[in-house]
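Worksheet: the structure to be examined is printed underneath.
The values are calculated or read from the model by the stated rules, or taken from the named source; none is laboratory data. Because the structure is a prediction, the values reported are computed rather than measured. Cβ placement follows ideal geometry from the backbone for every residue including glycine, while neighbour counts extend to all protein chains displayed. Protein only, heavy atoms only, side chains kept; ligands, DNA and RNA dropped before computing areas. Shrake-Rupley method; radii C 1.70, N 1.55, O 1.52, S 1.80 Å.
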Amino acid sequence: MTFSPQTRQRFGVGCFSAGLLLTALACGILASHARLFSQKRDTAVMIGTQLPKLKSTVSLLAASVAAEQMFARQALAAREEQASVYVLPQSSPGPRVVKTLQELSLALGKLGSLRFEKLMFDPAVSDEGSIKKLTGHLTVRGSLQDTARLLTILGFGGDMMVRDAITPADQELFLRQTEASAPLSLPAAEDFLYLDLIEYASDPDAHEQRLLADMSVDTASALRAMLLSAGLADVRSAFTGIAPSLKERNLWPMPLFDVRSVTRDQDRWTVEFVTYGR
Amino acid sequence: MLIFGAVFCLMSVALTYVVSPDRFPVKVGENTVRLKDLEDEERRLKAAYAELTEARARLLQSADAPVLRQVETLRSMVVPIGSVLLGIEDVRRGFRIADADPVALSTVRYDGERRSVAIGGDVRDTAGRSMQILASFVDGLRSLPSVASVSEPEYRATPLTGGGTSSPFAVTLILR
């Protein structure tokens, strides 16, 4: 079989063109593969830099869930009962407020110049759904310092655990800092937040020391400073010299104490407040 | 050319399968890792995160603590007025020097509905700089973390009989 010169020429041109196309295709495949290498490298760097933060978040969440599970198993029922009896009682919160206020004024009177003058409750209790509001008026005599201290303690009314005295954002920051600088202490940090508030306030140094004992000096100092600025400094300064007697007489937790107004007339202070029942 | 093109194309295709980026380690920071290992680790952590978030949601739903939940809601509305007053007192005491206590507070009125604290008093200075001390006192109040704003008082300096000046003031602090 012979081919004409024209056919042979066309066949040759066709083969050459096909060869060129295949070469161009091969170059395209290699260029695309090189781009893929570059993209994969960038992806690896991105994942690599995000992984440590993701690991930290998962670690924190695991510790939180473990602590919440432990709390739910062991302590939730007890705290719910405590809240039902003392913080948001079905009976009037008035008597418990009176007892705690008198104990506080006795203690603050010894430590400073505060004198309890009068405490009155409005006869009418307002109903707001499942919550009953009891309005009261308290009159004390004393310096701004002593009265402010009394109001600070009353402001912790309803707080049962250390975590109740710290905002959720500050709790998260504390746990994150613990996880970053002393990860083995994370469970102890969670337990610290669930500690009974009056138990902590009775001996804050001992409880903090227990938490920070296994950490380096720098880490312990930084975490202690964080806890103090998050609200525990107020707990310490308010309850110093007072917490043990409140604990001994079973006067804490006390009902929620919501101050509505404060008026000062020389050394006489009149405080209007609301406390709650169910 | 056809044979060259065909062989080149076949080899390129073979190369993309044999020389895969997943097989080669990548330097991330100080570590050298394989991309596949990184992707597997990321998948594992994301799965763990999803599982833990679900476990926490189940815990919150099943937690039978209606009173504690009510307490949490009510507690979020309480204003820590005691801490605010202590903060004001700390600022006031910051101006003490030896026996001199230039800033005196005579009136304090807290309104919970308006979240405002109105204070009034008097600044006295034997050197005649009572307005400067008052201005610094107002600045100190502004720096308190729980204070959103402080009204500007009227500034006046009244001469005192024994020398120096007195600047009575009334300011209102709006709380955050």
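Per-structure values
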read-out	value
Within segment B:49-88, tally of residues that are among the small types (Gly, Ala, Ser), open to solvent by 30 Å² or more (accessible area, probe 1.4 Å) and more than 25 Å from the chain's Cα centre (by Cα)	3
Residue A:101 touching a helix residue (DSSP H, G or I) at 6+ places or on another chain (Cβ under 9 Å), modelled with pLDDT of 80 or more and surrounded by 18 or more Cβ atoms within 10 Å (Cβ to Cβ)	yes
Any hit, segment B:146-164, residues being of a type in the set (Gly, Ala, Ser), without any contact (Cβ under 8 Å) to a residue 24 or more places away in the chain and open to solvent by 20 Å² or more (accessible area, probe 1.4 Å)	yes
Near pairs, Cβ below 6 angstrom, 6+ apart or cross-chain, from segment A:46-62 (within 10 Å of residue A:179 (Cα to Cα)) to any residue that is assigned to a helix (DSSP H, G or I)	A:56/A:179; A:59/A:179; A:60/A:175; A:60/A:179
Filter result for residue A:80 (without any contact (Cβ under 8 Å) to a residue 40 or more places away in the chain, out of contact with any Gly (no Cβ under 9 Å at 6 or more places or on another chain) and under 24 Å from residue B:74 (Cβ atoms))	yes
Pairs, first over 14 Å from residue A:234 (Cα atoms) in segment A:192-203, second open to solvent by 10 Å² or more (accessible area, probe 1.4 Å) and of a type in the set (S, T, N, Q), C-beta under 8 Å, six or more apart	A:193/A:171
Selection count, segment A:231-278, where residues are of a type in the set (A, V, I, L, M, F, W, C) and more than 28 Å from the chain's Cα centre (by Cα)	3
Scan of segment B:96-141 for residues that are free of Cβ contacts under 8 Å to residues at least 24 places away in the same chain, aliphatic (A, V, I, L, M) and within 19 Å of residue A:143 (Cβ to Cβ), ordered by number	B:104, B:105, B:108
Scan of segment A:71-86 for residues that are surrounded by fewer than 16 Cβ atoms within 10 Å (Cβ to Cβ) and among the small types (Gly, Ala, Ser), ordered by number	A:75, A:77, A:78
Check on residue A:58, within 10 Å of chain B (Cβ to nearest Cβ), surrounded by 18 or more Cβ atoms within 10 Å (Cβ to Cβ) and of a type in the set (Val, Ile, Thr)	yes
Within segment A:159-175, tally of residues that are more than 25 Å from residue A:97 (Cα to Cα) and open to solvent by less than 20 Å² (accessible area, probe 1.4 Å)	2
Exclusive hit being open to solvent by 10 Å² or more (accessible area, probe 1.4 Å), closer than 30 Å to residue B:105 by Cα and within 12 Å of chain B (Cβ to nearest Cβ), set A:156, A:116	A:156
Entirely in segment B:48-162, the helices (runs of 4 or more DSSP H) that have 2 or more residues that are away from every other protein chain (no Cβ under 14 Å)	B:130-142
Residues satisfying the stated conditions in segment B:89-137, i.e. in contact with a strand residue (DSSP E or B) (Cβ under 6 Å, 6 or more places away or on another chain), aliphatic (A, V, I, L, M) and surrounded by 15 or more Cβ atoms within 10 Å (Cβ to Cβ)	B:103, B:105, B:108, B:117, B:118, B:119, B:123, B:131, B:133, B:134
Unmet criterion (only one of (1) within 7 Å of chain B (Cβ to nearest Cβ); (2) more than 27 Å from residue B:69 (Cα to Cα); (3) open to solvent by less than 70 Å² (accessible area, probe 1.4 Å); (4) at pLDDT below 85) for residue A:38	(1)
